[in-house]
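Please treat every number below as a calculation from the coordinates, not as lab data. Everything quoted here is computed from the prediction, not taken from an experiment. Counting neighbours? That spans all protein chains shown, and the Cβs are built from the backbone with ideal geometry, glycine included.
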Amino acid sequence: MARPPTVAGMTTQPAAFTTSLADLIVGDVMSSEIISCQAEDNLAQMAATMVSHGIHATLVEPPTGTHPLIVTDLELLRAALQRPSDTRAGELASEPIPRVHDNASVDVAVAKMAELYVHHLLAIDPVSGRSCGIISSLDILAALGGYPPLRGHPFDSEPMRPNSARQLNEARADAMMHPGIVTCAPDAPLWTVARRMAAHRVHCVAVAGVGEAGAHGRHFNWGLIDDMELVLAAHSGSLTQAATTIASAAPPAVDGSDTVDRAATLMINEDAPHVIVIGPSGLPSGMISTLDVLRIVAASA
């Protein structure tokens, strides 16, 4: 099991769970580091930015006087599959990132994320109007789980396994996946699922024993809960419900022998940033995420 997040060199145990985030403000939990790319960056350069920083979205600086635009990992992955490789960030970015004041309560941020169904908000100083940070869905989960802000928890940007593939059809899913899956019991309260996500710094947790066996064999009866589903649960006040109440019963999955381009296509078709990898036994053996796929896109430059 992974250790709790380390902040400023000191291991910190989570505090008690609270169903209300009204006492915290956005500035308490956001990251003050804003990662952006240039409008002329190509797809490989954008992928390298996301992978090296371990982020699932990047800002694109717009013309002076307009709001920063955002490109998410799924948007970038879709472009890598469907657009020319010399597509530029300025051509891809079209939506401004939603904003929230840095002195607003975290409950306000949760409500905006839930209503717009977005993973990131740009924090704004209400006095100067300047951007001062990013608050993400994972930051919300850390607060829900009682952990300190994740900005002090370093991200390991190195791949789990060495891989020299430069095209998505050159690598197998089991070569690019992260072995093992963070799991929870079907009756686990949703707030403990948030705590597990924050502790392991992952964006989804598998729930055992959910749904019916599918095409991948009789052992594959697992569900998934992702971070946005927990943000929605926080907004609706249902964090004490059991994990099985919101777990998706048919999560996207590929065989370990499938190529990464199949996993990437499934992510785009299902609008899912994670795909379960099924081993020879018919059991889940690992997880492949958008960032795992974008490692290959970054290497294609």
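Here are a few things to note about the model shown:
- Region 6-152: antiparallel DSSP beta bridges as a percent of all, rounded to 5: 75
- A Cβ-based charge dipole, computed about the Cα centre of region 37-113 with Lys and Arg at +1 and Asp and Glu at -1, lands at about 120 debye.
- Separation of the GLU40 and LEU232 label points, Cα + 7 Å toward Cβ, nm: 4.2
- Under 20 Å from the GLU115 label point (7 Å along Cα→beta-carbon), backbone N, region 83-102: 95-102
- Inter-site label distance for ALA185 and GLU95 at 7 Å from Cα along Cβ, in nm: 3.8
- Rough spin-label spacing in nm, given labels placed 7 Å along Cα→Cβ, for GLU33 and HIS53: 0.9
- Under Karplus coefficients 6.51, -1.76 and 1.60, residue-wise ³J(HN,Hα) of region 229-234 in Hz, glycine/proline x: 5, 6, 4, 5, 5, 5
- 3J(HN,Hα) from dihedral phi, region 197-209, Karplus parametrisation 6.51/-1.76/1.60, rounded to Hz, x for glycine, proline: 4, 5, 5, 9, 6, 10, 9, 7, 10, 8, 10, 6, x
- Around the amide H of HIS101, modelled in the peptide plane, lie the amide H atoms of ILE124, all under 5 Å away and 5 or more residues distant in sequence or on another chain.
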